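Comments concern the structure below.
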Amino acid sequence: MNKQLLQKHIKNFLAKLKNEPEKLKGDQNERNERVLYYQTWTKERISKMTEEDLLEYLSKLWAMLIWGNKQYVVTKMIADNGFSHIKTELAELIWGKDPIEKRWDKARKNLKGFGPAILGELLCHVHPNDFLLWNRRAYVGLNFLGVKELPRYNYQLTGKKYKELSAIAKGIADEMKLLGATDTTLLAVDYFIWEELQVEENLSNIYTKTPEQIPVEKLSETESRFIHDDVRDAVRDIGDWLGFKASIEKKVADGSKVDVIWESMIGNMGRVLYVFEVQTKGSIDSLIINLLKAKNNPAVQGVVAVSDKKQLEKIKKHAADVKGLSDFIKYWDYEEVLEVRESLEFVNASINKLKLVPEGF
């Protein structure tokens with residue numbers, strides 16, 4: 001990290017706050033209110049949550065601002081995970097005794113639709129001296145400061161990496177304290193990153209191509225699982241934002257349970273389905289058979305294999321000799337999937353700020 005650059009921006013940030021005391025007071029009050037609210041949700045209280053409680057609990061998160069209809073999103077989370085399972089996993093993540101690396105990886109593995117932004121925000125609000133709030137803005141700010149090996153995509157944010165990033169944020173908090181800041185929690189660090197380090201060139205460069213990724217087949221088991229689930233959820237989110245009814249892990253034919261379906265109803269004529277299978281580790285032959293079975297459902301109008309470039313070439317070769325599939329299957333690079341999701345997320349968040357449709361309408 002470039003310490004001189006960090007110190008320069010901390011000084012700029014503190015000078016702004018000194019000149020805007022009302023803003024300083026307002027931001028501190030907001031932080032205090034958030035911490036107070038989330039800390040009241042003890043392990044025991046989480047276990048007694050109602051579905052209405054969970055809606056309120058998650059809707060207050062900044063990570064949920066990208067969604068206009070939060071009720072719809074939370075309902076899908078419950079359907080995908082089971083309500084009791086969500087409560088158990090959240091309680092263990094936030095209040096468990098295991099090291100944070102283990103708790104983080106367990107939550108990422110076991111909770112569908114709960115990305116690092118949601119999990120990190122919950123941890124930061126409950127334990128503001130210990131854990132970092134991670135999102136795209138944090139990536140931009142730390143990248144600007146010269147922090148190396150940042151996780152560009154969600155699947156790269158393992159528990160080990162999250163612990164490392166939290167330690168880096170604590171270092172920023174220490175510098176803020178040395179330079180006279182009175183609030184130096186990691187939630188205050190997030191406000192500093194948001195207010196001071198979102199420089200124009202960094203925000204515009206976030207969508208530029210990153211160096212070639214390690215082939216998915218060479219990733220560790222943990223990374224492979226993370227990337228599979230992150231890409232699966234991204235495909236589902238893209239479908240939702242495009243107006244489809246999008247679902248994960250659905251049966252579309254006998255012996256064929258697929259990662260994602262996009263569904264559209266055509267008047268009173270019936271439904272149209274688009275099927276997506278995400279391939280990381282595992283048998284390509286099994287993927288081909290699964291997509292072929294899905295194609296036999298007359299409602300399925302397209303099947304899409306999602307993986308990296310190297311795996312997609314292998315899938316194309318396997319599919320070339322499969323009668324009825326070779327001309328039907330489409331291919332989608334997972335990096336493009338993640339970039340499309342980020343772009344739509346930005347558009348959706350921007351439109352939601354206009355509040356054109358009342359929440360819950």
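Values in this text are rule-based calculations from the coordinates and carry no lab data. Owing to the predicted nature of the structure, the values given are computational and were not obtained by experimental measurement. FYI the Cβ positions are ideal-geometry reconstructions off the backbone, even for glycines, and counts take in every protein chain you see.
Which whole-number percent is the relative contact order of the chain (Cα, under 8 Å, 6+ apart)? For the chain, the relative contact order is 15 percent.
Taking a straight Cα-Cα cut-off under 27 Å and skipping sequence neighbours fewer than 8 places away in the same chain, the lysines within cross-link reach of Lys23 are Lys3, Lys8, Lys11, Lys60, Lys170, Lys177, Lys353, Lys355. Shape summary of the stretch 107-175, radius of gyration then Dmax from alpha carbon positions: 11.6, 37 Å.
Taking the number of Cβ atoms within 10 Å of each Cβ as an exposure proxy, the fewest-first ranking of Asp105, Asp233, Asp333 is Asp333, Asp105, Asp233.
Using the Cβ-Cβ distance between Lys160 and Leu5 with R0 set to 22 Å, the FRET efficiency works out to roughly 0.25. Debye-formula intensities of the chain, expressed as log10 I(q)/I(0) at q = 0.14, 0.15 Å⁻¹, are -1.26, -1.41 (one equal scatterer per alpha-carbon, no solvent). Charge dipole (Cα centre; +1 on Lys/Arg Cβ, -1 on Asp/Glu Cβ; no other charges) of the stretch 217-349 amounts to roughly 640 debye.
Shape summary of the stretch 217-349, radius of gyration then Dmax from alpha carbon positions: 14.6, 47 Å. Just so you know, the Rg over Rh for the stretch 3-205 is 0.97, from Cα atoms, with Rh as the Kirkwood radius.
The loop-placed trypsin sites (Lys or Arg not before Pro) in the stretch 40-81, going by DSSP, that have at most 12 neighbouring Cβ atoms within 10 Å of their Cβ come out as Lys48.
Note on Glu44 and Ala320: their simple-model spin labels are 6.6 nm apart, each label 7 Å out from Cα toward Cβ. The amide H of Val304, built 1.01 Å from its N in the peptide plane, has Val275, Phe276, Glu277, Lys330 as neighbours under 5 Å, considering only residues 5 or more places off or on other chains. Between the stretch 320-346 and the stretch 35-94, the alpha-carbon centres lie 31 Å apart.
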